[in-house]
Structure formats: C-alpha cells, structure tokens
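Here's the structure, in structure tokens; my notes come after.
The values are calculated or read from the model by the stated rules, or taken from the named source; none is laboratory data. Note that the coordinates shown come from a computational prediction; the quantities given were computed from them, not determined experimentally. Don't worry about glycine lacking a Cβ; one is built from the backbone with ideal geometry, like all the others, and counts go over all protein chains shown.
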C-alpha cells in the first residue's frame with residue numbers, strides 16, 4: 001500500500017507541468033502610441049470631394065440634376081416671332097434666334113424672304129420651284145410669321161389637297177421650265193399677311209375652273225359668214241377650166257365652119 005502510494009507520487013512528479021502562457025507586454029501609454037505614429041509618418045489627409053465621399057456627392061448631384069431640355073420643336077412648325085424668341089431662350093438655344101426674323105422667315109426652300117424684298121410677312125415663290133412642295137415645306141417649318149400669314153397658308157394647303165399637286169404646280173409654280181414660264185407673275189404662289197382678308201382660296205379655285213373649262217372646251221365651228229365666203233370661192237382648177245371652155249368652143253365652131261365651106 002505504501003509502495004503504491006509512493007509509486008503514484010513518483011508518476012505525478014514525472015508529468016510535465018502545463019506550459020504557462022507567454023507574458024503579455026503591457027499596452028503602451030497614449031504618448032508612446034502618438035510617438036509611434038509620428039515616427040512612421042503622418043496619415044494622409046482625406047482630400048475633400050475625393051474617394052467614396054466624392055462618389056457619393058456625384059451620385060447625389062446626378063440624382064437631382066435637371067434633365068436636358070428638348071429643343072426639337074424649334075426646328076419644326078410655324079411660330080410667331082415673339083413665341084419663337086422666347087422658346088429659343090427657354091431651351092438654352094439663344095443663338096437660333098436672329099433679329100431679322102421679326103419681319104418673317106422660313107427655312108423652306110424656294111421662297112423669297114420678307115427681308116429680301118422689304119415686305120413684312122410676305123413670302124413669294126421663286127421661279128422654277130414646285131408650288132406644292134414649297135407650300136408643304138413652309139408649313140413643316142421652321143417658319144416664323146404672324147398668325148394671318150399662317151392661317152392663309154393653311155387655307156391654301158386645303159386648296160392644294162383638293163386640287164392635287166400636279167394641277168396646283170401647273171397653275172401656281174412648277175419645276176418644269178416650260179410650264180413655269182407660262183404662269184402669269186400675279187398668279188404665282190404667294191403667302192402674305194396683307195392677303196389675309198382676300199378670298200384667295202376661292203380665287204385659286206376659280207383659276208383652276210377656268211383652266212379646266214379651256215381644256216375641255218370643244219373646238220368652235222367657224223362663223224356662218226366665213227362658211228358662206230368659203231362656199232362662194234371657186235377652186236383655181238375650176239376657174240382655169242371655165243376660162244378655157246370658150247376658147248375650145250370657138251375652135252370647135254371654127255372647125256365646123258371650115259368643113260361646111262369645103263363641102
């Protein structure tokens with residue numbers, strides 16, 4: 001028994017003691033920490049507006065940024081000059097406005113501009129241009145004029161639609177040089193505020209009706225007096241025969257008389 005207890009005591013001594021944890025170094029004082037950061041170099045200052053902060057600010061700005069204004073309406077349609085100038089400024093396109101637009105202007109081809117012939121809101125079709133094409137381009141715009149000329153253009157366009165482009169060009173302005181040269185100057189297409197109170201649409205229809213009547217009118221027979229004169233006239237061949245007949249008769253009579261005398 002005693003021996004067994006002694007053996008256990010010897011085994012206990014032979015077991016290695018648990019490894020003690022390594023001693024933890026004491027935390028440096030605040031002054032030492034500051035000294036360590038100082039020796040390693042100052043931390044770089046965060047630049048204002050850079051990195052994540054700048055990205056966040058940019059995203060915020062983009063979220064509340066006003067969208068670009070649509071200015072496509074400035075390149076089409078018919079406008080009064082006051083409205084067009086205001087719209088150019090509102091759209092941030094002040095360079096699209098010109099002061100001479102006050103008297104009228106159109107981007108459509110084929111028109112003599114008001115400032116070219118010194119007549120306010122008066123547009124005259126140039127020779128050699130299709131009246132139907134120029135009118136539709138005028139309404140497509142951009143065109144700057146007053147409401148009277150604009151309403152007149154719409155009225156004329158209704159006449160064009162009713163009449164058809166071919167006849168409209170034939171009467172009021174054509175690309176065809178021969179047809180265009182036959183159009184009287186006063187009949188050539190014109191859009192002017194001064195014609196607003198004129199029943200221009202009715203006048204154009206009357207011109208078309210006169211043209212159709214002349215085209216469909218049958219050829220008139222010559223007057224009665226002319227027919228009588230033609231009836232009384234004798235062909236030259238007949239006159240020649242009539243002139244020769246007395247001579248032939250005389251010759252035949254002479255031959256008969258000679259035969260008698262010989263007998």
For the stretch 111-123, the count of residues that are crowded, with 18+ Cβ neighbours inside 10 Å and within 18 Å of residue 75 (Cα to Cα) equals 1
Quick one: would you say residue 157 is in a helix (DSSP H, G or I), modelled with pLDDT of 95 or more and on the phi < 0 side of the Ramachandran plot? yes
Only one residue in 227, 151, 248 is in a helix (DSSP H, G or I) and modelled with pLDDT of 95 or more, so which one is that? 151
Residue among 159, 120, 185 that alone is more than 20 Å from the chain's Cα centre (by Cα) and more than 23 Å from residue 205 (Cβ to Cβ): 120
Filter the stretch 166-180 down to residues that are free of Cβ contacts under 8 Å to residues at least 40 places away in the same chain and over 15 Å from residue 211 (Cα atoms) and give me whichever is nearest to the chain's Cα centre (by Cα). 176
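Please tell me if residue 128 is modelled with pLDDT of 95 or more, buried (at least 16 other Cβ atoms within 10 Å of the Cβ) and in contact with a helix residue (DSSP H, G or I) (Cβ under 9 Å, 6 or more places away or on another chain).
For residue 128, the condition - modelled with pLDDT of 95 or more, buried (at least 16 other Cβ atoms within 10 Å of the Cβ) and in contact with a helix residue (DSSP H, G or I) (Cβ under 9 Å, 6 or more places away or on another chain) - is not met.
Does residue 206 meet the test of being part of a helix (DSSP H, G or I), surrounded by fewer than 13 Cβ atoms within 10 Å (Cβ to Cβ) and modelled with pLDDT of 95 or more?
yes
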Subset of the stretch 175-193 [part of a helix (DSSP H, G or I) and touching a helix residue (DSSP H, G or I) at 6+ places or on another chain (Cβ under 7 Å)]: 179, 187, 193
Collect the residues in the stretch 120-132 that are touching a strand residue (DSSP E or B) at 6+ places or on another chain (Cβ under 7 Å), part of a loop (DSSP other than H, G, I, E, B) and within 14 Å of residue 174 (Cα to Cα), keeping them in residue-number order. 126
Does residue 89 satisfy being out of contact with any strand residue (DSSP E or B) (no Cβ under 9 Å at 6 or more places or on another chain), assigned to a helix (DSSP H, G or I) and surrounded by fewer than 16 Cβ atoms within 10 Å (Cβ to Cβ)? yes
Run down 89, 112 and say which single residue is within 23 Å of residue 189 (Cβ to Cβ) and out of contact with any helix residue (DSSP H, G or I) (no Cβ under 8 Å at 6 or more places or on another chain). 112
Does residue 135 meet the test of being within 20 Å of residue 155 (Cβ to Cβ) and either in contact with a strand residue (DSSP E or B) (Cβ under 7 Å, 6 or more places away or on another chain) or not in a loop (DSSP other than H, G, I, E, B) (or both)? yes
